[in-house]
């Protein structure tokens, strides 16, 4: 799983006026919360935050949030819960982060990446994609960025199910194991 490093500082001013002032200074108000901790108000530099989030768009990632409280810096591992953007300018106006324990298992939706060209397609068949994502459960840093499946060996009438793909050790498949990811069908039957 991807990891990002982002710096933040404790936010001491609250309310609409304070948030507006932060935004004019190039800062984004944010909050971090979790099951075992009280919510903590933060402020982050908007440009680095936007750049970091655009770099991992539609991927699973863990953010190592380096929080400066004025006296010391602590690091918390978080995931993005919600990003609010301005509807006109599309800039980030607020961010919600959820603190996670890296050693506790969590559930993630992981994209499926198809590689190769099926032999059945060369024989006149058509490749049909059933699922583009699967659900995996494990420690956050053990979850892969994507699951790659090679369809090169698939002949006409062959299919690949979720339970047939290889996943890393310590990670469990939560999707239906009998769900078809890809199949090669006769093009005449499809039409």
Checklist entry - Of the residues that sit in the range 59-71 and are in a loop (DSSP other than H, G, I, E, B) and under 13 Å from the mean Cα position of the chain (by Cα), which one is surrounded by the fewest Cβ atoms within 10 Å (Cβ to Cβ)? => result 59
Next on the checklist: Looking at 178, 122, 86 in this structure, which one is exposed (fewer than 13 other Cβ atoms within 10 Å of the Cβ), assigned by TED's automatic domain parsing to the domain that holds residue 31 and farther than 17 Å from residue 60 by Cα?
Outcome noted: 86
Checklist entry - Looking at (1) under 30 Å from residue 144 (Cβ atoms); (2) surrounded by 12 or more Cβ atoms within 10 Å (Cβ to Cβ); (3) more than 15 Å from the chain's Cα centre (by Cα), which is the only condition residue 43 fails? => result (1)
Checklist outcome for this item: So the strands (runs of 3 or more DSSP E) completely within the range 72-149 holding 2 or more residues that are within 14 Å of the chain's Cα centre (by Cα) and within 17 Å of residue 176 (Cα to Cα) are 105-115, 133-139
Next on the checklist: Among the residues of the range 42-58, what is the count of those that are under 17 Å from residue 82 (Cβ atoms) and not in a strand (DSSP E or B)?
Outcome noted: 9
Item to check | Matching residues, the range 150-164, being in contact with a helix residue (DSSP H, G or I) (Cβ under 9 Å, 6 or more places away or on another chain), surrounded by fewer than 17 Cβ atoms within 10 Å (Cβ to Cβ) and on the phi < 0 side of the Ramachandran plot | outcome: 152, 153, 155, 158
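The values are calculated or read from the model by the stated rules, or taken from the named source; none is laboratory data. Note that this is a predicted model, so its numbers are computed, not measured. For neighbour counting, all protein chains shown are included, and Cβ atoms are generated from backbone atoms with ideal geometry for every residue, glycine included.
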